[in-house]
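Q: Take this structure first; my questions come after.
Every read-out reported here was derived from the displayed coordinates using simple, explicitly stated rules and does not represent laboratory data. Bear in mind that the values here come from a model prediction, so they are computed numbers and not experimental data. Virtual Cβ from ideal backbone geometry, glycine too; neighbours counted across all protein chains shown.
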Amino acid sequence: MSVALRSQTATIAKQPANAAGAEDESDVSALIARLTAEVNQVACEKTKSIQKITNQMKMLALNALIESSRAGAQGAGFAVVAQEVRNVGQQVETIARELESQLTNRTGNLMTSIAQMADRSRGERMVDLSLNAIELMDRNLYERTCDVRWWATDSAVVDCAAAPNAANVSHVSERLAVILRAYTVYLDLWLCDLNGNVLASARSGRYGVKGANVAATPWFSDALKLKSGDDYVAGDIERQPLLGNAQIATYCASVREGGKANGKPLGVLAIHFDWEAQARAIVEGIRVDDKQTRVLLVDSKFRVIASSDDQGLLTERVPLKGGRSGFYTDGSGLQVAFHLTPGYETYKGLGWFGVILR
């Protein structure tokens, strides 16, 4: 467990630097967009000033022509100059209009390109954060699969599954309680017989589960089908009534004769991961731009199983468009980024996704 915690802590410790780098890129894009908009504004203002001046020149030229006509023959030479001034003013006005048109078109295209680049950069960063979230959870859950397979070989567990007398039940209960005190990420540990009856638990004083039958649960049914002690069951997130209706992820391994991987099945060890608290720590630890951005974990049925704002847990569904990863904007303008679980070591994942909604 200490190795797992150090690994996760190291990963989280690296996160701010990566996020800061992405924010710097976003800041550069925003700076370029702002400067481009300012250039566009300056160009429009200056061309309008030029047009205003040329209009004044044209008015002066027109007035000069009128005055030269009043002067008769003496004003003929001045009329030629006034006409040339008028022509120059018209040329300047034409150039100013062309400049404005060309500049605004080009700066407009540039601003559109920058906006697209910024959106793509933001989307890619959101995908990376989605992957970060699901990878952290994968590494955490990989440790759970190791725990249950290891503890299923404990001599106290094996002895009680083989002969569930009072002495063995008392001993294994004490042993499970010792394990649970060291591994605080679990709500409880149960030893069950092959009929689904709970023989012993780690927290018998808190949860009265001894004697309860769990044969109808999917995770127990799947555990009976395990081919060896090297295999495990990873259950979907559920609320467990026997544990105060808490959100849990149950991991199971078969208890086998002699603690050997190919031994005869004797029972099932089920360990209940305290899902809500651990998942919240991960989604809240992912750095995002603002409080309106949601970090989610969703299962293979697109059901929300963790949320940074604690909303929609086990009730909301977030259908995703695309394959293993990507980003898009939906019809309401919501930006969606996601990444499928890559798994970790022997834990292949359950088809869950890390998701960012912005």
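Q: Per residue of the chain, what 222 nm ellipticity follows from adding -39500 (n - 2.57) for every DSSP H run with n ≥ 4, rounded to the nearest 500?
A: Mean residue ellipticity, 222 nm, calculated: -19000 deg cm²/dmol.
Q: Still on this structure: Quick one: the Cα spread of the range 80-153 along its three principal axes, in angstroms, biggest first?
A: 110, 10, 6
Q: While we're here: In a solvent-free Debye calculation with one equal scatterer on each Cα, what is log10 I(q)/I(0) for the chain at q = 0.07 Å⁻¹, listed in the order of the q values?
A: -0.49
Q: If the range 208-316 were replaced by its equivalent ellipsoid, with semi-axes equal to the square roots of 5 times the Cα gyration tensor eigenvalues, what would those be, largest first, whole Å?
A: The equivalent ellipsoid of the range 208-316 has semi-axes of 33, 15, 11 Å.
Q: Once both axes come from the Cα atoms, what is the angle between helix 275-285 and the longest principal axis of the chain, in degrees from 0 to 90, rounded to 10?
A: It works out to around 30 degrees.
Q: Counting only pairs 8 or more residues apart or on different chains, how many lysine pairs in the chain have their Cα atoms under 18 Å apart?
A: Lysine pair count for the chain: 8.
Q: Also, quick follow-up: Placing one identical point scatterer on every Cα of the range 157-214 and ignoring solvent, what is log10 I(q)/I(0) from the Debye formula at q = 0.19, 0.21, 0.25 Å⁻¹?
A: -0.60, -0.73, -1.01
Q: Right, here's the next one. With a ≥ b ≥ c taken as the square roots of the eigenvalues of the C-alpha gyration tensor of the range 107-217, please select rounded if a/c is under 1.5 and otherwise prolate if a/b is larger than b/c or oblate if it is not?
A: On the way: a/c = 4.42, a/b = 3.86, b/c = 1.14.
Taking the square roots of the gyration eigenvalues as a ≥ b ≥ c, the range 107-217 is prolate.
Q: Exactly which trypsin sites (Lys or Arg not before Pro) in the range 231-290 are in a DSSP loop and have at most 13 other Cβ atoms within 10 Å?
A: Values: sites: Arg239, Arg256, Lys260, Arg280, Arg287; in loops: Lys260, Arg287.
Qualifying residues, ordered by number: Lys260.
Q: Tell me, what is the percent relative contact order of the range 216-358, built from C-alpha pairs under 8 Å that lie six or more residues apart?
A: Relative contact order comes out at 16 percent.
Q: Relative contact order of the chain: what whole-number percent is it, with Cα pairs under 8 angstrom and at least 6 residues apart?
A: Here the relative contact order equals 17 percent.
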